[in-house]
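Student: Structure below; questions to follow.
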Amino acid sequence: MNPYGPPGSPEDLWALCEKQASDGASNFRLRTLHGLEHSESAFSEGIERQSRRPTAFDSTEFASARRALLRWFRAHARPLPWRRERSPYRVWVSEIMLQQTQVAAVVPYFNRFLRVFPSVRELACARRERVLELWSGLGYYRRARDLHRAAQIVMRRFGGVFPENYEAARSLPGVGDYTARAVLSIGSGQPYAVLDGNVARVVARWRLLPGHIQQSRFRRRVERVLDTWLSRRRPGNFNQALMELGQTVCLPRAPRCPACPLRRSCRAYARGRPESHPAPRPHRPTERRFLALAAIARAGKFALVRGLDENLLPELWNFPSAFGASPESARRRLDEKLRFLFPWVRIHAAPKSEFRHAITHRSITAQLYAPEPWRGRGQRSLVSRGPQRTTNDGRRTNRLAVRWLSPSDFGSAAVSSIARDVAASLESNARSRTLQQKDLRASRKKERYSTEETRLRHGRASGRAPR
Ligand code: SF4
């Protein structure tokens, strides 16, 4: 950045002021192409920000904001199941489930999971298939696989207790910086501050920090504020209070400032339009994909195979499927796959139904194909050649894993959410077909009665006895 150029983004200005401070130039003057007045006002704003750097924090302001925050949390904390009884294991499970997932969606999964696996021991000893079954519908299944592996490591290396040391906690699969800090502070009361999107938003607004969450500079600024602000006596409550405030009051688009315990000292609130802070993160482009799926039924059950396509959702049961750049290429690839998987199946040329689904940044247009009626002899099972697989009980097998499940079994099996969507669309199709058939039968009956009635009337009028 050219320090003498025009003032650009708030980040540039912040960096400029940082440079000026480090140079020690008290009469530093910002030259700009836009005129002296504008530059000087921008500069004084920058200087003001400079004076708000964490090193110059007003400790009284921090202490009173901390007290207000903790008081508010005591009065307004939601009664969430992982808060009822705080143990590192419960906090750990809840934090893993809450990654990329809303609190309301997590609560029933958490309760069910803890009923089946009340401690690390039960989780470590469970089959992976069972863990995935209980996770089914929550998405991001890698979290469940890592949690299961980590529980086995905790049993083997740490005697079944979540490690109290940061480095040891970080060495567990699926435990990143955020999760380690959350478990250590909330579960064990250690003075670690946590930083997630909600916390970053609250801090950025409260201190009017420039930048967005994906910038390391921005994160460093937030961390500096948190280091000063964190309650050393109640780090767990402090972290939860900030997260709670971000989730329920300091909302991204419509912050509820009048209900906020920080509004007296909040700089974004004082300036107006707090919703415009922090700056929005750059948008990740969405990838559009087409997916062809086959609904192969036998006696009310559907054939499901492991994984989707392109190594997606490898542990979950899915309808046989194939991705493509267009609906035609997806269908062609599905046909090729089925020739190997289910040699007796030929799918119809036209899809039975179509629906949309999203997996992370992929926007998927899925088309469901039904098989043509089989006219050959017998339905051979799967070919025995295929990639080596490990069965649930650890045996190696050459057979591709296939399960036949009825839609009512989907709730208790490790089935992907896209397969659930397919089952829902099949069920709604079946329901509407039944209704149509009922309507058709009723209208035929009505038609028969009215023909009969006309014939009788006609017979009476002509004086002939009805036949
Ligand atoms: S006063 Fe408003 S903007 Fe500031 S922290 Fe509270 S809710 Fe967020």
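The values are calculated or read from the model by the stated rules, or taken from the named source; none is laboratory data. Not measured: the values here are computed from a predicted model. Glycine also receives a Cβ, built like all others from the backbone with ideal geometry; neighbour counts cover every protein chain displayed.
Student: Of everything in segment 109-130 that's modelled with pLDDT under 95 and part of a helix (DSSP H, G or I), which residue is farthest from residue 90 (Cα to Cα)?
Tutor: Restricting to residues being modelled with pLDDT under 95 and part of a helix (DSSP H, G or I), the top hit is 129.
Student: Contact list please: Cβ distance under 7 Å, first residue in segment 239-250 and part of a helix (DSSP H, G or I), second residue among the polar types (S, T, N, Q), pairs at least six apart or on different chains.
Tutor: Matching pairs, first to second residue: 239/185; 243/198; 246/198; 247/198.
Student: If you don't mind, there's one more thing I want to ask. If you check residue 210 against the conditions, is it in contact (Cβ under 8 Å) with a residue 24 or more places away in the chain, within 9 Å of the ligand (Cβ to nearest atom) and of a type outside the set (Phe, Trp, Tyr)?
Tutor: Working: in contact (Cβ under 8 Å) with a residue 24 or more places away in the chain: yes; within 9 Å of the ligand (Cβ to nearest atom): no; of a type outside the set (Phe, Trp, Tyr): yes.
The answer is no for residue 210.
Student: If you don't mind, there's one more thing I want to ask. For segment 74-103, give me the residue count where each residue is over 23 Å from residue 177 (Cβ atoms) and either of a type in the set (Phe, Trp, Tyr) or assigned to a helix (DSSP H, G or I) (or both).
Tutor: Number satisfying all stated conditions: 5.
Student: Working only within segment 246-287, note down all residues that are within 11 Å of the ligand (Cβ to nearest atom) and under 20 Å from the mean Cα position of the chain (by Cα).
Tutor: 246, 248, 251, 252
Student: May I ask you to verify whether residue 193 is in the same structural domain as residue 91 (by TED's automatic domain parsing), modelled with pLDDT of 95 or more and either away from the ligand (no atom under 16 Å from the Cβ) or not hydrophobic (A, V, I, L, M, F, W, C) (or both)?
Tutor: yes
Student: Next up: Starting from segment 77-97, take each residue that is farther than 15 Å from residue 164 by Cα and list its partners that are of a type in the set (Asp, Glu), counting only C-beta distances under 9 angstrom and pairs at least six apart or across chains.
Tutor: From segment 77-97, the pairs are 77/244; 78/244; 82/95; 96/146.
Student: When both residues are 6+ apart or on different chains and their Cβ atoms are under 7 Å apart, which pairs have a first residue that lies in segment 348-360 and is without any contact (Cβ under 8 Å) to a residue 40 or more places away in the chain, and a second that is surrounded by 12 or more Cβ atoms within 10 Å (Cβ to Cβ) and in a loop (DSSP other than H, G, I, E, B)?
Tutor: Qualifying pairs under 7 Å: 348/370.
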